[in-house]
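Comments concern the structure below.
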């Protein structure tokens, strides 16, 4: 394990300034990792800035205590001296998955290092830090803090705990390990408040998001005798309800609360860029392979990819791809 973290240490030692970025449509693990990792870099005497493409979801403003997250699509201007910075990309192994920041940074930063826990990054395994058996990137960042023997601050603990909760589905997904619980315990010892984190993540939604959820559920189709439920999220729904695109994305998890449902599909488009396909499953139904085959990524039970096809064609194709999950039954 220490050999892996030495890769991060060697990279940090080479440079004095770093840009941290996570994937487009950022979530609690990607953002939490950025905040906690920036805290570590500061403790190591390094200068760093967080630059993301897409806005932070309203439900996650609480852990950006020092307002460190900069968003290009909110009007943030890239520093003129960005050529002095090397870059860390967190919670995705595809550099171009960080959105518009990719086009604005890729030819200007000094170097690139990826820290991720998703399947499908084998080609980048030995020159970056990809630990596919980790529950979350937040878990990896906690390990980095321990490797450098730095104290865990409340800010970093709250960000890491939030990332753990989100990416483990409240500690129920298969990658949840004893280490995951021990890390969570340390965060709680640092005065992180689990009920409050749960409230921020899951009980802090707008009425507009509830209306959007209604629209998404109205598109529900049932397949394979009730084992698979598919849904759509369109830009028209966003316009009609006044909700944000990010507020609609968690709806994919609702079908898995229904008895007998083992797979959920949500095809979505925010009116710009490519169509996105999200897949969730239970048990041994592996959707990571489907995502990887389509230049996406994720976990065995939670994965996604982008489609270059029109919306309805993307939807039909995604359903066809998920058919193979049930062919042997």
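The values are calculated or read from the model by the stated rules, or taken from the named source; none is laboratory data. Nothing here was measured: the structure is a model prediction, and the numbers come from that model. Backbone-built Cβ (ideal geometry, glycine too); neighbour counts: all protein chains shown.
If you check 7, 20, 60, which single one turns out to be in a helix (DSSP H, G or I) and in contact with a helix residue (DSSP H, G or I) (Cβ under 7 Å, 6 or more places away or on another chain)?
Working: 7 fails: in contact with a helix residue (DSSP H, G or I) (Cβ under 7 Å, 6 or more places away or on another chain); 20 fails: in a helix (DSSP H, G or I).
Every option except 60 fails the conditions.
Return yes when residue 222 is over 20 Å from residue 31 (Cα atoms), without any contact (Cβ under 8 Å) to a residue 60 or more places away in the chain, in contact with a helix residue (DSSP H, G or I) (Cβ under 8 Å, 6 or more places away or on another chain) and not in a loop (DSSP other than H, G, I, E, B) and no when it is not.
On the way: over 20 Å from residue 31 (Cα atoms): yes; without any contact (Cβ under 8 Å) to a residue 60 or more places away in the chain: yes; in contact with a helix residue (DSSP H, G or I) (Cβ under 8 Å, 6 or more places away or on another chain): no; not in a loop (DSSP other than H, G, I, E, B): yes.
Criteria not met by residue 222.
Could you tell me whether residue 102 is over 20 Å from the mean Cα position of the chain (by Cα) and either in the same structural domain as residue 17 (by TED's automatic domain parsing) or outside any loop (DSSP other than H, G, I, E, B) (or both)? So residue 102 fails the test.
Against the numbered list (1) in contact (Cβ under 8 Å) with a residue 60 or more places away in the chain; (2) within 29 Å of residue 325 (Cβ to Cβ), residue 277 comes up short only at (1). Within region 276-292, the residues that satisfy the criterion of being under 23 Å from residue 234 (Cβ atoms) and surrounded by fewer than 24 Cβ atoms within 10 Å (Cβ to Cβ) are 276, 290.
Can you confirm whether residue 270 is more than 22 Å from residue 73 (Cα to Cα), free of Cβ contacts under 8 Å to residues at least 60 places away in the same chain and out of contact with any strand residue (DSSP E or B) (no Cβ under 6 Å at 6 or more places or on another chain)? Judged against the criteria, residue 270 is not a match. The set of residues in region 187-202 that are touching a helix residue (DSSP H, G or I) at 6+ places or on another chain (Cβ under 9 Å) and either farther than 22 Å from residue 137 by Cα or surrounded by fewer than 16 Cβ atoms within 10 Å (Cβ to Cβ) (or both) comprises 188, 189, 191, 193, 194, 196, 198, 202.
For region 30-46, give me each residue that is assigned to a helix (DSSP H, G or I) and either crowded, with 24+ Cβ neighbours inside 10 Å or in contact (Cβ under 8 Å) with a residue 40 or more places away in the chain (or both). Explain how you work it out, then say what you get.
First, pick out the residues of region 30-46 that are assigned to a helix (DSSP H, G or I): 30-43.
30, 31, 32, 33, 34, 35, 36, 37, 38, 39, 40, 43 - these are the residues of region 30-46 that are assigned to a helix (DSSP H, G or I) and either crowded, with 24+ Cβ neighbours inside 10 Å or in contact (Cβ under 8 Å) with a residue 40 or more places away in the chain (or both).
Among the criteria (1) over 21 Å from the mean Cα position of the chain (by Cα); (2) more than 21 Å from residue 96 (Cβ to Cβ), the one residue 309 does not fulfil is (2).
Taken over region 64-94, the residue count meeting the criterion of being modelled with pLDDT of 95 or more, under 24 Å from residue 249 (Cα atoms) and part of a helix (DSSP H, G or I) is 0. With respect to the conditions (1) in a helix (DSSP H, G or I); (2) at pLDDT below 95; (3) touching a helix residue (DSSP H, G or I) at 6+ places or on another chain (Cβ under 8 Å), residue 253 lacks only one, and its number is (3).
For region 178-192, does any single residue satisfy the condition of being within 19 Å of the chain's Cα centre (by Cα) and either more than 27 Å from residue 156 (Cα to Cα) or assigned to a loop (DSSP other than H, G, I, E, B) (or both)? Looking through region 178-192, none of the residues is within 19 Å of the chain's Cα centre (by Cα) and either more than 27 Å from residue 156 (Cα to Cα) or assigned to a loop (DSSP other than H, G, I, E, B) (or both).
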